Amino acid sequence: AQSVTQLDSQVPVFEEAPVELRCNYSSSVSVYLFWYVQYPNQGLQLLLKYLSGSTLVKGINGFEAEFNKSQTSFHLRKPSVHISDTAEYFCEEYGNKLVFGAGTILRVKS
Amino acid sequence: IAGITQAPTSQILAAGRRMTLRCTQDMRHNAMYWYRQDLGLGLRLIHYSNTAGTTGKGEVPDGYSVSRANTDDFPLTLASAVPSQTSVYFCASSDSSGSGDEQFFGPGTRLTVL
């Protein structure tokens, strides 16, 4: 069955430090991959998406992600986080169906 | 442009009662979705609609029904609510369902079933 695994439920990090949020997908067919961010008491907003082409995808707010087909991964990175990046981040796969990961809470500390 | 609106914002409901969560979009998107969000489980797809007049079952459809009479509206109905349906419900839409289009999400409805 199609599944998305976000390997960390919570990631604490100090302000201005780099961060990586890990995501592994399962689909063996052509797949679209997305990262969404959810701020407290709000809906989800798109950060970035991979459809095809370059494996390095740049999104909003300085985030980027790299599609790695051999490792079935789509990890999200930011070189320097801000307090305002504190939120929950969701990885989503669209292979045969839409599947979200369980989410990773990023806590940025000053 | 409002995007997607959901109503109510929150609701406390007695078990066994019928409840309809409303969702309206003004982007003329073809596809619409209903998700429930539960701690540690992420978002799970309940039902979807690829275009007006059609609906389909998602991962967790039991106990829920939807209709898509027009492009803009996609109500979700709980015929007889149970406590396990306590959750935050998100409606979303996308231009189409098959091309990797971004989904736009509403602000959510927090439902508590007692």
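Specify the residue that is farthest from B:L21 (Cα to Cα); the eligible residues are those in the range B:103-114 that are touching a Phe, Trp or Tyr at 6+ places or on another chain (Cβ under 9 Å) and either more than 14 Å from chain A (Cβ to nearest Cβ) or not in a strand (DSSP E or B) (or both).
B:Q103
Out of the residues in the range A:80-101 that are open to solvent by 40 Å² or more (accessible area, probe 1.4 Å), assigned to a loop (DSSP other than H, G, I, E, B) and at pLDDT below 95, which is farthest from the other protein chains (Cβ to nearest Cβ)?
A:N96
Considering each of B:Y35, B:Y89 in turn, give the residue that is under 24 Å from A:S9 (Cβ atoms) and touching a Ser or Thr at 6+ places or on another chain (Cβ under 9 Å).
Going through B:Y35, B:Y89 in turn, just one is under 24 Å from A:S9 (Cβ atoms) and touching a Ser or Thr at 6+ places or on another chain (Cβ under 9 Å): B:Y89.
Just give me the residues in the range B:103-114 being under 15 Å from the mean Cα position of the chain (by Cα) and open to solvent by 40 Å² or more (accessible area, probe 1.4 Å), in sequence order. Quick ask: steps written out before the conclusion?
Going residue by residue through the range B:103-114, those that are under 15 Å from the mean Cα position of the chain (by Cα) are B:103-111.
Selection gives B:F104, B:P107, B:R110.
Test A:Q6 against the stated conditions and say whether it is within 11 Å of another protein chain (Cβ to nearest Cβ), modelled with pLDDT of 95 or more and open to solvent by less than 50 Å² (accessible area, probe 1.4 Å).
yes
Being closer than 21 Å to B:Y48 by Cα and part of a strand (DSSP E or B), is that true of even one residue in the range A:16-31?
no
Restricting the range A:32-43 to residues that are part of a loop (DSSP other than H, G, I, E, B) and in contact with a strand residue (DSSP E or B) (Cβ under 8 Å, 6 or more places away or on another chain), which is nearest to the other protein chains (Cβ to nearest Cβ)?
A:G43
Go over the candidates A:L51, A:L46, A:L56 one by one and state the one that is more than 17 Å from A:T104 (Cβ to Cβ), facing chain B (nearest Cβ under 10 Å) and without any contact (Cβ under 8 Å) to a residue 24 or more places away in the chain.
Values: A:L46 fails: more than 17 Å from A:T104 (Cβ to Cβ); A:L56 fails: facing chain B (nearest Cβ under 10 Å).
Going through A:L51, A:L46, A:L56 in turn, just one is more than 17 Å from A:T104 (Cβ to Cβ), facing chain B (nearest Cβ under 10 Å) and without any contact (Cβ under 8 Å) to a residue 24 or more places away in the chain: A:L51.
Output yes when any residue across the range A:59-68 is of a type outside the set (A, V, I, L, M, F, W, C) and open to solvent by 70 Å² or more (accessible area, probe 1.4 Å), and no when none is.
Looking through the range A:59-68, at least one residue is of a type outside the set (A, V, I, L, M, F, W, C) and open to solvent by 70 Å² or more (accessible area, probe 1.4 Å).
Are there strands (runs of 3 or more DSSP E) fully within the range B:8-102 with at least 2 residues that are open to solvent by 60 Å² or more (accessible area, probe 1.4 Å) and not β-branched (V, I, T)? List them.
Counting at least 2 such residues, we get B:10-13.
The values are calculated or read from the model by the stated rules, or taken from the named source; none is laboratory data. Source: prediction; values computed, not measured. Neighbour counts are summed over all protein chains in view; Cβ atoms, including those assigned to glycine, are modelled from backbone coordinates with ideal geometry. The protein model used for the area step is the full one, side chains on, heavy atoms only, and it has no ligands, DNA or RNA in it. Shrake-Rupley method; radii C 1.70, N 1.55, O 1.52, S 1.80 Å.
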